[in-house]
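The values are calculated or read from the model by the stated rules, or taken from the named source; none is laboratory data. Because the structure is a prediction, the values reported are computed rather than measured. Cβ placement follows ideal geometry from the backbone for every residue including glycine, while neighbour counts extend to all protein chains displayed. Just so you know, the surface numbers come from the protein's heavy atoms only, side chains and all, with ligands and any DNA or RNA stripped out. Shrake-Rupley method; radii C 1.70, N 1.55, O 1.52, S 1.80 Å.
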Amino acid sequence: MKIVETVAEVREQVKAWRQEGLSVGLVPTMGYLHEGHQSLIDRAVAENDRVVVSVFVNPMQFGVGEDLESYPRDMDRDAALCEKAGADLIFHPEPSEMYPQDFSSFVDMSTLTGGLCGKTRPIHFRGVCTVVSKLFNIVTPDRAYFGQKDAQQLAVIRHMVHDLSYGIEIVGCPIIREEDGLAKSSRNTYLNPQERQAALILSQSLAEGKKRLETGEKNADKIRQAIVDQIETEPLAKIDYVEVVDWNNLEPVQTIQGPVLVAIAVYIGKTRLIDNVIQQ
């Protein structure tokens, strides 16, 4: 496995693979990899001849006062996980490599990004779309792998790929959870032991919402309120949002008639965590 830091090196390697007729998978990450990321790499290795993992904490998707500087980083740990999982190349650029001093071009979206996480993080998805577009242009993968935990991001990337005719297959992969149900996240490292226990309220409240969906409840407000009520039993939890939206367009629904995304964002102490379930 190789680790490279420049766009030119990635392109040179991918060109050599293409000359051999090999397929290429891409797993975009911000590093501090865990079992959730490993599941994406595992699937990419199974479905492609060669796999590139990008490790880049993208400054463009962090707003003022967010955790850009404190976001966990451990390249040695990330490299070990990637090598064990069978990745072939890590792209680990400096911000100046991705965004030169005269950088002034962006990829934005007028749908799908206004609600959910986009409501309180207004610049976030512009940053996500721009960096993912750059990675697609640099790596030119056949397939790219994203986790369902960031469900809005998955929907946004799929829509962007369709709109911009990338011709890349976007593969969504299931949420990987701890044994007690907490969704794997790099930000879980911010939690102290008491907060870590309190964070279980996310998966527990979603389980209540999922149970109601599976038993035939069609009133989205009742499902949403049941989740809110359960979260509010945890003193350390502060709700950012609890939403039931159409999985195809991310618009809020009142009556459930098709696939829905039940998505939540909750502060546990100072740490903002997200989780969701998708009911097809």
Some residue of region 163-178 being part of a helix (DSSP H, G or I) and either of a type in the set (D, E) or surrounded by fewer than 22 Cβ atoms within 10 Å (Cβ to Cβ) (or both): yes
Given (1) crowded, with 20+ Cβ neighbours inside 10 Å; (2) touching a His at 6+ places or on another chain (Cβ under 8 Å), number of the condition E5 does not satisfy: (1)
Pairs where the first residue, in region 144-164, is farther than 15 Å from H124 by Cβ and the second is acidic (D, E) and open to solvent by 50 Å² or more (accessible area, probe 1.4 Å), C-beta under 9 Å, 6+ apart: A144/E169; Y145/E47; V161/E169
Selected residue (only one of V45, V27, V107 is modelled with pLDDT of 95 or more and under 17 Å from the mean Cα position of the chain (by Cα)): V27
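For every residue, the table says whether it meets (1) more than 21 Å from the chain's Cα centre (by Cα); (2) loosely packed, with under 15 Cβ neighbours inside 10 Å.
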position: A183; (1), (2): no, no
position: T189; (1), (2): no, yes
position: P193; (1), (2): yes, yes
position: A198; (1), (2): yes, no
position: S203; (1), (2): no, no
Single residue of region 15-44 satisfying the filter (out of contact with any Gly (no Cβ under 6 Å at 6 or more places or on another chain) and among the small types (G, A, S)) that is farthest from E94 (Cα to Cα): G21
So K218, is it free of Cβ contacts under 8 Å to residues at least 24 places away in the same chain, of a type outside the set (A, V, I, L, M, F, W, C) and more than 23 Å from M160 (Cα to Cα): no
Residue under evaluation D108, criteria (1) surrounded by 15 or more Cβ atoms within 10 Å (Cβ to Cβ); (2) without any contact (Cβ under 8 Å) to a residue 24 or more places away in the chain, criterion not met: (1)
Flag if A207 is closer than 30 Å to L135 by Cβ and either touching a Gly at 6+ places or on another chain (Cβ under 9 Å) or hydroxyl-bearing (S, T, Y) (or both): no
Any hit, region 262-273, residues being loosely packed, with under 14 Cβ neighbours inside 10 Å and among the charged types (D, E, K, R): yes
Some residue of region 169-192 being more than 29 Å from P28 (Cα to Cα) and not aromatic (F, W, Y): no
Options I227, I278, I264, I274: the member that is over 24 Å from T111 (Cα atoms) and either touching a strand residue (DSSP E or B) at 6+ places or on another chain (Cβ under 6 Å) or without any contact (Cβ under 8 Å) to a residue 24 or more places away in the chain (or both): I227
